[in-house]
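A short write-up of the structure that comes next.
The values are calculated or read from the model by the stated rules, or taken from the named source; none is laboratory data. What you see is a predicted model, and the numbers here were worked out from it, not measured in a lab. Counting neighbours? That spans all protein chains shown, and the Cβs are built from the backbone with ideal geometry, glycine included. The protein model used for the area step is the full one, side chains on, heavy atoms only, and it has no ligands, DNA or RNA in it. Shrake-Rupley method; radii C 1.70, N 1.55, O 1.52, S 1.80 Å.
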Amino acid sequence: TTALAEVAVTDGVLTPLAPVAVASFDVGADGEVVAVQGAKLAGHARGKEAWSVVTAEPITAGPRLDADRVLFGTARGELVALTRADRRELWRVQLGKQLWGSVAAAGPLRLVFSTEDETLFAVDPKD
């Protein structure tokens, strides 16, 4: 578990706020922090939890904040995309094996790794 310091972004300046214990996180260009704690995905703004979603299985990859969506991978091998605005599920793709680590950007694609069979998946988030 890593201690995450919440930050506020004002005119491009980061200001540390309240600490939160998380497994992984991502910070959007607007300063929103999305953090993973087991099966819970939570958005934080100005030092406070602004929203949360609890999944049926542990989140083991990501999160990744894109301009209009949040992506994460699950222990069951699913890569999931939610809207940033209302956390509505946009899509869910079954990749077959437990996903692990970051969801990274590579041009228009999003990359995620499976430790079970050492496979790197490339997914087009617009599909």
Residue hits (the range 77-120; of a type in the set (Val, Ile, Thr) and closer than 23 Å to Ala67 by Cβ) are Val80, Thr83, Val93, Val103, Val112
Checked Val36, Val53 against criteria (part of a strand (DSSP E or B) and either in contact (Cβ under 8 Å) with a residue 40 or more places away in the chain or within 18 Å of Gln98 (Cβ to Cβ) (or both)); the one match is Val36
Filtering the range 95-114 for residues that are outside any strand (DSSP E or B) and either open to solvent by 40 Å² or more (accessible area, probe 1.4 Å) or closer than 19 Å to Asp26 by Cα (or both) leaves a count of 5
Selection over the range 62-86 where residues are open to solvent by 10 Å² or more (accessible area, probe 1.4 Å) and over 12 Å from the mean Cα position of the chain (by Cα) yields a count of 7
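Yes/no matrix, rows are residues, columns are (1) modelled with pLDDT under 90; (2) assigned to a strand (DSSP E or B); (3) touching a Ser or Thr at 6+ places or on another chain (Cβ under 7 Å); (4) not β-branched (Val, Ile, Thr):
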position: Asp26; (1), (2), (3), (4): no, yes, no, yes
position: Gly43; (1), (2), (3), (4): no, yes, no, yes
position: Gly73; (1), (2), (3), (4): no, yes, yes, yes
position: Val93; (1), (2), (3), (4): no, yes, no, no
position: Glu116; (1), (2), (3), (4): yes, no, no, yes
